[in-house]
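To start, the structure under review is shown below, and the notes come after it.
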Amino acid sequence: MATDPGSAGLTVIKIGGRLTAVPSALDRVCAVVGEVSRSHRVLVVPGGGPFADAVREFDTRVRLSADAAHWMAILAMDQYAHVLASRIPGAVLVDEPGAVSEAVGEGSVAVLAPSRWMRSADVLPHTWEVTSDSIAAFVAGALDATRLVLIKPADQGTMLDSYFATALPLGMPYIIVSWNRVEELS
């Protein structure tokens, strides 16, 4: 039974950037997220994927400061947000918490480009131990979401960064979905 997206709680869905390495996974996930938005209020938080990997590789070569690496990795999430917003049916790109409630609704998905919000909040440690998983957990808590869904490629299994449990609000339900099981979202 479909519910009115305006009356349901917010579902935060983190879409892992490494899905781009799996043939057809990104298109499949984006299509399903678009479908889910018909019955749920959805905010997508992007992973960093190949964009964050480029920052990691650059950091290995030139030794960035922790602050520079942190902000560059979050900017990498912004890049992937643009990819997702262009591929998810009904998606709207947002960059601050106040824009989320206006952007989510029946058939509409908000995709967060998180750098602006994360820069103003600046509540997470500046370390590679904090990834987009922890950022999604923080965002879900800050927006009082009803659940958090983390979509990852099957080869990542249930791996979460070491800060995730700290960033996740106490009692916040979350689920990790392998890309080949994404139909279970709805």
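Scanning region 149-178 for residues that are buried (at least 19 other Cβ atoms within 10 Å of the Cβ) and under 21 Å from ASP122 (Cβ atoms) turns up TYR163, PHE164, ALA167, LEU168.
May I ask you to verify whether ARG56 is within 21 Å of ILE175 (Cβ to Cβ) and open to solvent by 10 Å² or more (accessible area, probe 1.4 Å)?
Spelling it out, it is not the case that ARG56 is within 21 Å of ILE175 (Cβ to Cβ) and open to solvent by 10 Å² or more (accessible area, probe 1.4 Å).
Only residues that are among the hydrophobic types (A, V, I, L, M, F, W, C), over 16 Å from the mean Cα position of the chain (by Cα) and assigned to a loop (DSSP other than H, G, I, E, B) were counted across region 112-128, and they come to 2. Criterion applied to SER24, SER37 was being open to solvent by 70 Å² or more (accessible area, probe 1.4 Å), more than 18 Å from ILE176 (Cα to Cα) and among the hydroxyl-bearing types (Ser, Thr, Tyr), and the one residue passing it is SER24.
Check whether at least one residue in region 75-86 is at pLDDT below 90 and open to solvent by less than 50 Å² (accessible area, probe 1.4 Å), and report yes or no. No: region 75-86 contains no residue that is at pLDDT below 90 and open to solvent by less than 50 Å² (accessible area, probe 1.4 Å). Being open to solvent by 20 Å² or more (accessible area, probe 1.4 Å), out of contact with any helix residue (DSSP H, G or I) (no Cβ under 8 Å at 6 or more places or on another chain) and not hydroxyl-bearing (Ser, Thr, Tyr) is a description that does not apply to GLU96.
The values are calculated or read from the model by the stated rules, or taken from the named source; none is laboratory data. Just so we're clear, the structure is a prediction, and the values are computed from it rather than from any experiment. Please note: Cβ atoms are built from the backbone with ideal geometry, for glycine as well, and neighbour counts cover all protein chains shown. With ligands, DNA and RNA removed, areas are computed over all heavy atoms of the protein, side chains included. Shrake-Rupley method; radii C 1.70, N 1.55, O 1.52, S 1.80 Å.
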